[in-house]
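Written below as structure tokens is the structure these notes are about.
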Amino acid sequence: MTATTTLTARALLLDMDSTIVNSEAVVERCWRRWADEQGLPADEVLRVVHGRQGWATMAALLPDRPMELNMADNRRMLEQETADTDGVVPVPGAPAFMAAIAALPHALVTSADIALSDVRMAAAGLAMPSVRITAESVSASKPDPEGFLKGAAELGHTPEDCIVFEDSEAGIAAGRAAGMRVVGVGDRAAEFAPTAHIRDLTRIRIEALPDGIIALHITA
């Protein structure tokens, strides 16, 4: 028997990679190259890359490495990722989901920079939200809540009125630290105890209710 859960909010905050855009192929290619350069097991690296800015992942993996090397590698990897769109597609259900929330308060909150988010959203055929929080907007990477708190503030809503959509451990932790409920998207997200979990965006229906309330009807 199919179970449906309904959550309500006034604003939605969306991660990009693996939440609305499937860029897993590019991420894996770029990070496997970096892991090989550093002599690290690629599979172990790939377990921790999701959700964070690149330099923060490098610092977690190589805590004694000078930060200036991490920042230099981060810039180089962003250039590589921005140039590589092979295999970048929307997460199933993302086009309909983005169309359903187009007129509702929502923001993109991503660890990508402006250039990379432009390229990936375009490659996936998704409209860029008018409010966007990127790597340039924050001083700290997820799991720090700064990005989600800035997104809520720009939309003019309190954290408790916002729902985050995320796929990664770092992102889900950031949403919770911001005092927000979190819908986990994809198989990876199920491990990190989000408020609700969906396999992909085909499992959610958006309904605009009176007084600015957004109803999220979630099918398990």
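Values computed for the structure shown
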read-out	value
[x] 54, 34, 30; [y] 45, 40, 32; [z] 56, 54, 38, with the label sought being that of the calculated Cα extents along the principal axes in Å	[x]
Share of carbon and sulfur in the accessible heavy-atom surface of the chain [1.4 Å probe, %]	53
Accessible surface, 1.4 Å probe, highest first, among residues Ser111, Ser139, Ser168	Ser139, Ser111, Ser168
Accessible area, probe 1.4 Å, largest first, for residues Leu46, Leu14, Leu209	Leu209, Leu46, Leu14
P(r) histogram, all alpha-carbon pairs of the range 4-62 included - 10 Å bins from 0, percent	18, 44, 20, 13, 4
Sequence of Trp34, Trp55 from largest to smallest accessible area, 1.4 Å probe	Trp55, Trp34
10 °C / 1.306 mPa s Stokes-Einstein diffusion coefficient of the range 141-220, Kirkwood radius on C-alpha pairs, µm²/s	123
Accessible area of the range 11-165 divided out per residue, in Å², using a probe of 1.4 angstrom	42
At most 16 other Cβ within 10 Å, DSSP loop - GluC sites (Glu not before Pro), the range 65-128	none
Counted charge near Asp118, where neighbours are those whose Cβ lies closer than 15 Å (Asp, Glu -1; Lys, Arg +1)	-4
Centroid-to-centroid separation of the range 167-191 and the range 77-136 [C-alpha atoms, Å]	18
Anisotropy class of the range 71-139 from Cα gyration tensor, a/c 1.5 cut	oblate
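The values are calculated or read from the model by the stated rules, or taken from the named source; none is laboratory data. Just so it is clear, the structure is predicted and the values come from calculations on it, not from any experiment. Because the Cβ atoms are built from the backbone with ideal geometry, glycine has one as well, and the counts that use them run over all protein chains shown. Ligands, DNA and RNA are excluded from the accessible area calculation, which covers all protein heavy atoms including side chains. Shrake-Rupley method; radii C 1.70, N 1.55, O 1.52, S 1.80 Å.
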